[in-house]
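Working notes for the structure below.
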Amino acid sequence: MLLLQFSTSHYCRKARLGLGYKKIKYQVENLNPGLHILKVKSLTGLTTLPVLLPQTEGQPEAIADSTQIFKFLENYQKEPSLLLPDDIQQTEAWMLEDWLDESIGTATRFVYYQFRANEGKSFNPSLSSQIIIGVVRRQYGINRASVELATNRLITALEFLSIRWRESNYLVGDRLSVADIAAAALLSPLALIPHYRQKYPWLFERIVQVHQFCSEQLPPGL
Ligand SMILES: N[C@@H](CCC(=O)N[C@@H](CS)C(=O)NCC(=O)O)C(=O)O
């Protein structure tokens with residue numbers, strides 16, 4: 001299998017965690033932001049990464065979107081299962097996964113790129129890095145007002161996650177689910193931001209545990 005990815009994308013990290021959880025061997029191809037569209041659009045009709053190419057007879061040529069990649073992996077190889085045995089709990093896990101994907105992963109992106117353009121500039125002050133950060137900020141409309149909304153969304157999300165993760169170590173049920181994996185990937189960019197490291201140490205402990213369980217390299221900062 002081949003995973004088309006941006007090496008630093010938290011959504012691509014989410015797909016890698018799913019592959020690692022399943023212990024499926026795969027290779028990665030790192031694409032350049034912007035130029036990636038030339039390859040990806042004709043394969044999936046979309047412009048986003050990750051995209052998984054199963055490269056197996058009888059399987060689709062390409063699967064776009066990290067959630068669809070989880071669903072494909074579950075059909076492709078049943079064990080170890082990404083799904084919880086209880087149907088109601090699994091429905092809740094998919095709902096949380098979708099919320100983390102559509103709302104919280106985006107909020108993380110806003111807060112992260114705001115940090116990298118300001119206090120976190122020193123992580124990579126090179127012109128090329130700052131140009132990419134500027135392009136991403138324009139592409140997604142990242143500015144002071146939109147970052148404030150994202151920051152507030154993260155406060156509520158982290159309150160919710162702290163209750164769930166402290167209660168039982170798992171967001172739903174009594175073992176790792178797509179919700180835990182999505183949370184670990186999509187909040188991982190916050191590891192570089194001192195405010196989040198100080199205020200939410202339990203979050204980063206859990207992110208490390210999920211990465212270790214899925215045999216995935218830890219995100220920058222951890
Ligand atoms: N919901 C999608 C989101 C993926 C996504 O936003 N990917 C970003 C990188 S983090 C991307 O490919 N952006 C480039 C573009 O939109 O052209 C998923 O889970 O795969």
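The values are calculated or read from the model by the stated rules, or taken from the named source; none is laboratory data. All figures in this text were calculated on a predicted structure; none of them were measured in a lab. In this analysis, Cβ positions are derived from the backbone assuming ideal geometry, glycine residues included, and neighbour counts consider all displayed protein chains.
Among the numbered conditions (1) assigned by TED's automatic domain parsing to the domain that holds residue 140; (2) of a type outside the set (Val, Ile, Thr); (3) within 11 Å of the ligand (Cβ to nearest atom); (4) over 29 Å from residue 173 (Cβ atoms), tell me where residue 105 comes up short.
Condition not satisfied by residue 105: (4).
Quick one: how many residues across region 14-49 are among the small types (Gly, Ala, Ser), in a helix (DSSP H, G or I) and in contact with a helix residue (DSSP H, G or I) (Cβ under 9 Å, 6 or more places away or on another chain)?
Residues that pass the stated criteria total 3.
Contact list please: Cβ distance under 8 Å, first residue in region 7-26 and without any contact (Cβ under 8 Å) to a residue 12 or more places away in the chain and not assigned by TED's automatic domain parsing to the domain that holds residue 188, second residue away from the ligand (no atom under 16 Å from the Cβ) and outside any helix (DSSP H, G or I), pairs at least six apart or on different chains.
Pairs found: none.
Taking the residues in region 1-50 that are surrounded by fewer than 16 Cβ atoms within 10 Å (Cβ to Cβ) and closer than 21 Å to residue 212 by Cα as candidates, determine which candidate is nearest to the ligand (Cβ to nearest atom).
Filtering region 1-50 for residues that are surrounded by fewer than 16 Cβ atoms within 10 Å (Cβ to Cβ) and closer than 21 Å to residue 212 by Cα, the one nearest to the ligand (Cβ to nearest atom) comes out as 8.
Restricting the first residue to region 76-89 and requiring it to be exposed (fewer than 15 other Cβ atoms within 10 Å of the Cβ), which pairs with a second residue that is of a type in the set (Gly, Ala, Ser) meet a Cβ separation below 7 Å and a spacing of at least six or different chains?
Once the first residue is exposed (fewer than 15 other Cβ atoms within 10 Å of the Cβ) and sits in region 76-89, its partners that are of a type in the set (Gly, Ala, Ser) give 86/173.
Can you name the number of the only condition in (1) outside any loop (DSSP other than H, G, I, E, B); (2) over 30 Å from residue 131 (Cα atoms); (3) more than 12 Å from the ligand (Cβ to nearest atom) that residue 83 fails?
That leaves (1) as the condition not met.
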